[in-house]
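A short worksheet on the structure shown next.
Here, each number is a calculation from the coordinates, and none is a lab measurement. Owing to the predicted nature of the structure, the values given are computational and were not obtained by experimental measurement. Backbone-built Cβ (ideal geometry, glycine too); neighbour counts: all protein chains shown.
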Amino acid sequence: MNVLPSPVTELAYLAAAVCFILALKGLSSPRSARRGNLLGAAGAAVAVVTVLLSTDFEGANLAVVLGSVGVGSAVAVPAARRVKMTEMPQLVAIFNGVGGGAAAIVGIMELAEFAGHDVKLVVAGTTAFAVFVGATSLLGSLLTFGKLQGTITSRPIVLPGAGVLLVAALGAGLGAAVAVTLTADVWFGVVLALLGLAFGALLVLPVGGADVPIVISLLNAFTGLAVAASGWAMGSTLLLVAGTLVGASGTILTLAMATAMGRSVNGILFGALKGGSTAG
Amino acid sequence: MSGLTILTIFVLAAFVGVEVVSKVSSTLHTPLMSGANAIHGIILVGAVMVTAHATSPVLLVLGAIAILLATVNLVGGFVVTDRMLEMFSGKKPAQQRAQEPVGSERP
C-alpha cells in the first residue's frame, strides 16, 4: 500500500538510521547495551512498517511479502530463544550468512529488472559488489558455523594450491564484476554469485578453530558493505547508512577482537596458506 | 540523488561507524558483533522493495527467499543479542559490578 506521503517516508527512514547509530553506541558500553539493542530493533520495526506503507505492490505480492516475513520470524525467534549460550556464536554466523545471501539475491533480482533499460555504470557496479560480497559472506559464514559446531574439522583445511585458487577466484570475480558493470546482464550476475560463494569457501576453510569468531566478525562487516552497496544501487539512504555503519564498525571491531586475542587479521586469514602456524 | 550526494553520505556514515564503536570494552565484543549483525538485516527493506514489483514467478520466488533470509537475520539477530545481554546483567563478575553505580541494573 502506498499511503504515506514521501516526506513522511523519508523522515521515518531517517529516524530508523538514527536508531541504528544510537544502537551501536549503546552496545559499546555495558550499562546501555541492552537499551541500545532494543533501540536498534525499534528502528528496524519503524523501517519495515514504513516500507510496507509506502510501496505499491503488484497483484498478490503483498501477501507473498507478509507470508515470507511471517515464516522468517517463526523460524528465527524460537531458534534465537532456545539456542544454548555456548552455541550463540554459531547462530550469529548463520544469521550473518543468510543476511549476505539476501543481499546477493536482491542484487540478482535488480539485474533481472535492469534488462532492456539503460543502467548507469555506478548502479550496475555497486549491484555487482553486493552480489559478490553477499555470496562470499553467505558460504563463508555457513562454513564458520560448521567449524564451530564441529560439523567440519576446526583445524585449518588447506586445499592443494589454496593460495592460487583464492587469488584465481578473486580475479575471476573481479572480471565477472566488470562484465556485470558494463552489461548489467543477470547471467553474468549469477556467475558472479557463484564465484563469490567459491571465494567465501576458499577464504574461510584455511582458518583455524580458535580464530573463527574473528572471521565471523569480518564477514559481518562484509555483509554490511554488501547492504551498503545495495542501498547505493537502489537509491535507499537507509540501506546505505545502515550497511556502511555495520561495515565500518564491524571492521574496527574485527581489529579490536584480533588485538585482544594477540592475533593479526592477516595471519588469521592467510597464515595457513603461507605454511605458517595458525594453531591456537 | 546525485552520485556525489550518495558518496558524501557513505563517507560520513563510515566515520560515524568507526567513532561509535571506538571505545567498546572487550567484554562486549560478541554482543556488539551480534547487534551489528542484526542491523544489516535491514536489507529486508531492500528485499521488500524489489519484490513489490516482481511480475515473473521466478522473481517472486527469489524475492520470497530473500525476504525470508533477511527476516531471519533481522529478527533473530536482535532477539539473540538481547539474550546475550540478558545473561550479561545476571552473570557479571563482582569487580565489574562494583564499578557501576547502584541502580544501573535493569529492573
Margin query: Just to confirm the number: angle between the C-alpha axis of helix A:162-183 and the first principal axis of chain A, 0 to 90 degrees, nearest 10?
Written below: 20
Next item on the list: Among the trypsin sites (Lys or Arg not before Pro) in region A:54-153, which ones are in a DSSP loop with at most 10 other Cβ atoms within 10 Å of the Cβ? Mind listing them?
Entry: A:K84
Next item on the list: Would you compute, from DSSP H runs of 4+ residues alone, the mean residue ellipticity of chain A at 222 nm, taking -39500 (n - 2.57) per run and dividing by the full residue count, rounded to the nearest 500?
Entry: -26500 deg cm²/dmol
Notebook entry, point to check: If one computes the Cα centroid of region A:216-262 and of region B:1-75, what distance in Å separates the two points?
Noted result: 9
Note to self: Please report the spacing between the Cα centers of region A:114-145 and region A:187-215 in Å, no decimals.
What the structure shows: 14
Checklist line | Between helix A:6-27 and chain A: long-axis angle, C-alpha atoms, 0 to 90°, nearest 10 | finding: 30
Check: Across region A:217-229, in residue order, what do the Karplus-derived ³J(HN,Hα) couplings come to in whole Hz, using 6.51 cos²θ - 1.76 cosθ + 1.60 with θ = phi - 60° and x for Gly and Pro?
Finding: 4, 5, 5, 4, 5, 4, 4, x, 5, 4, 5, 4, 5
Check: Mind listing the phi-derived Karplus ³J(HN,Hα) values for region A:72-77, rounded to whole Hz, using 6.51, -1.76 and 1.60 with θ = phi - 60°, and x for any glycine or proline?
Finding: x, 5, 5, 7, 6, 5
Notebook entry, point to check: To the nearest 20 debye, what charge dipole does region A:85-280 have about its Cα centre, counting +1 at the Cβ of each Lys and Arg and -1 at the Cβ of each Asp and Glu?
Noted result: 520
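So which trypsin sites (Lys or Arg not before Pro) in region A:1-71 end up in coil per DSSP with only 15 or fewer other C-beta atoms within 10 Å? Could the numbers behind the result be given before it?
Numbers: sites: A:K25, A:R31, A:R34, A:R35; in loops: A:R31.
When the trypsin sites (Lys or Arg not before Pro) of region A:1-71 are filtered for loop state and at most 15 Cβ neighbours within 10 Å, A:R31 remain.
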Checklist line | Cβ-Cβ FRET estimate between A:A210 and A:V3, R0 fixed at 45 Å, reported to 0.05 | finding: 0.30
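Classify region A:97-193 as rounded, prolate or oblate, taking a ≥ b ≥ c as the square roots of the eigenvalues of its Cα gyration tensor: rounded when a/c is under 1.5, otherwise prolate if a/b is larger than b/c and oblate if not. The partial results should precede the final answer.
Numbers: a/c = 3.76, a/b = 1.85, b/c = 2.04.
Oblate, because a/c is 1.5 or more while a/b does not exceed b/c.
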Notebook entry, point to check: Can you give the charge dipole size of the protein assembly as shown about its Cα centre, rounded to the nearest 20 debye, using +1 on the beta carbon of Lys and Arg and -1 on the beta carbon of Asp and Glu?
Noted result: 1440
Check: HN-Hα J couplings of region A:256-261 from phi, Karplus 6.51/-1.76/1.60, θ = phi - 60°, integer Hz, Gly and Pro as x?
Finding: 5, 5, 4, 4, 4, 9
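Would you mind calculating the gained length between A:R81 and A:A63 on full extension (0.36 nm times residue separation, minus the Cα-Cα distance), in nm to one decimal? Working shown, then result.
Details: separation 18, 0.36 × 18 = 6.48 nm, distance 2.69 nm.
Length gained, A:R81 through A:A63: 3.8 nm.
Take the alpha carbon gyration tensor of chain A, find the square roots of its eigenvalues, order them as a ≥ b ≥ c, and report rounded if a/c is under 1.5; if not, report prolate when a/b exceeds b/c, else oblate.
Working: a/c = 1.90, a/b = 1.25, b/c = 1.52.
Oblate shape, in that a/c is at least 1.5 and b/c is the bigger or equal ratio.
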Notebook entry, point to check: How many lysine pairs are close in the protein assembly as shown, with Cα atoms under 28 Å apart and the two 8 or more places apart or on different chains?
Noted result: 11
